[in-house]
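To keep things clear, I will list the structure first and then write my remarks on it.
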Amino acid sequence: MASQLKVDTLTGVTTAGSIDVTGEGNSTTTNLQQGLCKAWHTIDGEGTVAIVDSFNIASITDNDTGDYSFTYTNNMGTAKHPVTGSVVGASTGNFYSFISSDGVAQATTGNTTKNVHHSGAHQDTDPTHLVIHGDLA
């Protein structure tokens, strides 16, 4: 027989903001909060750049071809946090999305991302996806 637990809030006993979850095989634990995605977005980067859907993303700016900046609604705890990107709609294929390192340092308040073809050319694409992990401030 299956069980259901319905709650609006989970709070740790020892530390309110920390809940450990027993992993597969009952051998390890994972901290629930650290394992959650802290922000993500899907944008339409062609024409008028717009957020299609997002979580913890306040705004996006079109800087140039294939070059976008975004700000977090709630800042990250450190500038060095992991970001994973993907580009699906590139018409010529072999594109990737990454956090920019050309003169713009990664920040706690937001970042700059580029969509780049393997040849090095930037291109506006629809859609572009980013997933951000790390600790919130």
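The values are calculated or read from the model by the stated rules, or taken from the named source; none is laboratory data. Everything numeric here is computed off the predicted structure, so don't read it as measured data. Quick reminder, even Gly has a Cβ in these numbers, built from the backbone with ideal geometry, and neighbours come from all protein chains shown. Only protein heavy atoms, including side chains, enter the accessible area calculation; ligands, DNA and RNA are left aside. Shrake-Rupley method; radii C 1.70, N 1.55, O 1.52, S 1.80 Å.
What to note about this one:
- Selection from GLN4, SER119, ILE51 lying farthest towards where the dipole of the chain points positive, charges on Cβ: GLN4
- 1.4 Å probe accessible area per residue over the chain, in Å²: 61
- Theoretical FRET efficiency, 1/(1+(r/R0)^6), r = Cβ-Cβ of ASP62 and THR108, R0 25 Å, to 0.05: 0.65
- Placing dummy labels 7 Å off each Cα toward the beta-carbon, the span from ASN75 to THR42 is 3.1 nm.
- Tail beyond 13 Å, pair distance distribution of the range 29-68 (Cα, percent): 57
- Using a Förster distance of 22 Å, the FRET efficiency for THR15-LEU136 (Cβ separation, nearest 0.05): 0.90
- Taking the Cα centre of the chain as reference, the dipole from Cβ charges on Lys and Arg (+1) and Asp and Glu (-1) amounts to some 420 debye.
- More than 12 Å apart - percent of Cα-Cα pairs taken over the range 1-61: 78
- Karplus-derived 3J(HN,Hα), 6.51/-1.76/1.60, for each residue of the range 31-39, Hz, glycine and proline x: 6, 4, 5, 6, x, 7, 5, 9, 6
- Here the convex hull built on the C-alpha positions of the chain has a volume of 176 cubic angstrom per residue.
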